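Remarks on the structure that follows.
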Amino acid sequence: MRALPHPHLPAFFSEGGALRAKALQDYLLSLREVYVRYAPLPPVRLFVLSEKDWRARLPYPYGLPFQHAGPEGLSVYAPLAYPERLLHRLREVLLPLGPPPGEIPAFLDLNLGHEYAHAVQVAWRLRTGARWLDEFFANYLFLLGLAPQKDLLETLLAWSRYLSGLKPQKRSLSAYEGRRGGLESALWFQAHFTLKAEELRQKDQDRLLKAFLAAAPLDRKKGHRLLLELYPELKSWFAAFGLRGAPGEGSSPRQGP
């Protein structure tokens, strides 16, 4: 394993990954510049791994970037190259929508920033334990980090508008919370979460982040209540996804169809 040392975002990479690791490291550091204006951040390690090294270290299928918090600290993982089987699976899901607004690998690289936003959530004790709420807020946090980079922000929004046209069979938050909707449903939810979070960012910029930071550490009940106090109109928006027990009433999405 090779390394690119950095006090805030050290990168570790498999053989042949130096240029890719440096590019992803620089990208995540650009997001960090925005986030540290609000609160301190511990180091987050970046791993850019070949399939062989990934399988030797991780129990997850090779390909999709993800974030992990463990005893060794916060980490984000990206593949050295996206496997063709993953790209083929994504192309199949996107086929009904027509040509995408960009290359799929570039979109997946962009979304490494979403995983970094999850690491920031953990560091700031803003995870609530409700998957839909944590994903919604991670999208909002990701948008805040991207805002100074207008081209990347518009790329994310273009993809979100495109993916919002998917028609998954499972569109309920209870199915999403239980991870039962599959890839198409996950992409569709992320798209709608991103577009709604962008509305909040356009309206109030960082108001939601400041409110969450002031209330940290968050839990499910506190997160629901704060979100609805600031944006009561979201109650009906989330209810449209079949949310049982509206946030703000101290309940959570019902597990089950």
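The values are calculated or read from the model by the stated rules, or taken from the named source; none is laboratory data. The structure presented is a predicted model; accordingly, all values stated were derived computationally and were not measured. Cβ coordinates were reconstructed from backbone atoms using ideal geometry, including for glycine residues, and neighbour counts include every protein chain displayed. Accessible surface areas use protein heavy atoms only, side chains included; no ligands, DNA or RNA. Shrake-Rupley method; radii C 1.70, N 1.55, O 1.52, S 1.80 Å.
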Kindly provide the set of residues from the stretch 127-168 that are part of a helix (DSSP H, G or I) and among the charged types (D, E, K, R), ordered by number.
Arg131, Asp134, Glu135, Lys150, Asp151, Glu154, Arg161
So, first residue of a type in the set (Ser, Thr, Tyr) in the stretch 140-161, second residue assigned to a helix (DSSP H, G or I), Cβ within less than 7 Å, six or more apart or across chains; the pairs are Tyr140/Ala197; Tyr140/Leu200; Tyr140/Arg201; Tyr140/Leu208; Thr155/Leu110; Ser160/Ala191; Ser160/Thr194; Ser160/Leu195
Looking at (1) in contact (Cβ under 8 Å) with a residue 24 or more places away in the chain; (2) out of contact with any Lys or Arg (no Cβ under 7 Å at 6 or more places or on another chain); (3) charged (D, E, K, R), find the lone condition where Glu177 falls short.
(2)
Report yes if some residue within the stretch 101-110 is among the aromatic types (Phe, Trp, Tyr), touching a residue at least 60 places away in the same chain (Cβ under 8 Å) and closer than 27 Å to Trp237 by Cβ; otherwise report no.
no
Which residues, counting only those in the stretch 182-225, are of a type in the set (S, T, N, Q) and either part of a helix (DSSP H, G or I) or buried (at least 16 other Cβ atoms within 10 Å of the Cβ) (or both)?
Ser185, Gln190, Thr194, Gln202
Check the stretch 82-93 and report whether any residue there is over 23 Å from Gly182 (Cβ atoms) and either open to solvent by less than 20 Å² (accessible area, probe 1.4 Å) or of a type in the set (A, V, I, L, M) (or both).
no
Select from the stretch 128-163 the residues that are at pLDDT 95 or above, over 13 Å from Ala197 (Cβ atoms) and open to solvent by 10 Å² or more (accessible area, probe 1.4 Å) and list them in ascending order.
Pro148, Gln149, Lys150, Asp151, Leu152, Glu154, Thr155, Ala158, Arg161, Tyr162
Which numbered condition trips up Leu29, out of (1) of a type in the set (A, V, I, L, M, F, W, C); (2) open to solvent by 20 Å² or more (accessible area, probe 1.4 Å); (3) touching a strand residue (DSSP E or B) at 6+ places or on another chain (Cβ under 6 Å); (4) closer than 28 Å to Asp206 by Cα?
(3)
Counted residues, the stretch 11-26 - those being within 30 Å of Arg207 (Cα to Cα) and open to solvent by 30 Å² or more (accessible area, probe 1.4 Å)
1
Taking Arg179 as meeting all but one of (1) within 21 Å of Leu64 (Cα to Cα); (2) outside any loop (DSSP other than H, G, I, E, B), write down the number of the exception.
(2)
Matching residues in the stretch 32-63 (open to solvent by less than 30 Å² (accessible area, probe 1.4 Å) and aromatic (Phe, Trp, Tyr)) number 4
Based on what the data block shows, is Leu108 within 30 Å of Pro42 (Cβ to Cβ) and part of a helix (DSSP H, G or I)?
yes
